[in-house]
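Notes follow the structure.
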Amino acid sequence: MTCDFSLRHYRDLLQAARVGGYRWAGFDRPPESGDLILRHDVDLSLRAALAVAEVEADEGAWSTWFLMTRSAFYNLASSEGERAIERLRELGHRVAHHAVWPHVELDERFDHVVAWHNPDPEYMQAPIDGAVNVMEAPFFDPDHYRSDSNQHWRHGCPHEQLARGDFEWLQLLTHPEIWAFEGRTMRETMEAMLDADRAARLELLREDRIDLGTFRP
Ligand SMILES: [Zn+2]
Ligand SMILES: [Zn+2]
């Protein structure tokens, strides 16, 4: 088994969690022994989010998806955005808010759970009125937390520890773009995402009745 960042190995992680006896959990109650809280911050691509969400559903898993209302890369109010939320809910996932400080925009699309995007230490763990902050106690504890930030596991890929049941419980943060688009480095993965984005945007231009003539890329 290769610990790369691919949908194939993401599936391995889910299967490892099942071998380790974990149960899927969210942010609606304090973590209990045996919980695996799958958290996804969607920074860049709804398409990547759906690709990972489908793999999870296929493995009988569900997770909490944190979506942005202020992303420079996707528009949650577009038809693509609305479809993405609909599909995530349909697959049994939870949809929460990936907020940009200081804007908490919890409308009917979101469960009342917030993960700050690129938070500064001053407010990262501060309580939020009317919502759970995923980085506050009891949901966050450094020994019960792993993240794939910038395509790097600070403590190594957790699949073996999951399979052994080493974590009493775990909040596992993954970014879907890293898994849905392939590359050996974050740079390569981002290039793959941008290449795919160009094709998707050409399709959007066609839908928008832009005359693209007979040009073939
Ligand atoms: Zn691994
Ligand atoms: Zn983020």
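Some values worked out for this structure:
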{"read-out": "Selection status of G92, part of a loop (DSSP other than H, G, I, E, B) and in contact with a Phe, Trp or Tyr (Cβ under 9 Å, 6 or more places away or on another chain)", "value": "yes"}
{"read-out": "Residues within the stretch 11-48 that are assigned to a helix (DSSP H, G or I) and among the β-branched types (V, I, T), tallied", "value": "1"}
{"read-out": "Qualifying position, being within 16 Å of ligand 1 (Cβ to nearest atom) and within 17 Å of H144 (Cα to Cα), among G26, G34, G20", "value": "G20"}
{"read-out": "Given (1) touching a helix residue (DSSP H, G or I) at 6+ places or on another chain (Cβ under 8 Å); (2) farther than 28 Å from E203 by Cβ; (3) away from ligand 2 (no atom under 16 Å from the Cβ), number of the condition G21 does not satisfy", "value": "(1)"}
{"read-out": "Pairs with Cβ under 7 Å, 6+ apart, first in the stretch 62-84 and basic (K, R), second surrounded by fewer than 18 Cβ atoms within 10 Å (Cβ to Cβ)", "value": "R70/V100; R70/H103"}
{"read-out": "Flag if E82 is charged (D, E, K, R), surrounded by 14 or more Cβ atoms within 10 Å (Cβ to Cβ) and not in a loop (DSSP other than H, G, I, E, B)", "value": "no"}
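Okay, residues lined up against (1) closer than 21 Å to W65 by Cβ; (2) touching a strand residue (DSSP E or B) at 6+ places or on another chain (Cβ under 9 Å); (3) assigned to a helix (DSSP H, G or I):
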site: A99; (1), (2), (3): yes, yes, no
site: E108; (1), (2), (3): yes, no, no
site: V132; (1), (2), (3): yes, yes, no
site: A137; (1), (2), (3): no, no, no
site: F140; (1), (2), (3): yes, yes, no
site: R154; (1), (2), (3): no, yes, no
site: A163; (1), (2), (3): no, no, yes
site: D166; (1), (2), (3): no, no, no
site: L173; (1), (2), (3): yes, yes, no
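We did not get these values from a lab; they are worked out from the coordinates using the rules stated. Remember, predicted model here, so these are calculated numbers, not experimental data. No Cβ is skipped: glycine too gets one built from the backbone with ideal geometry, and neighbour counts run over all protein chains shown.
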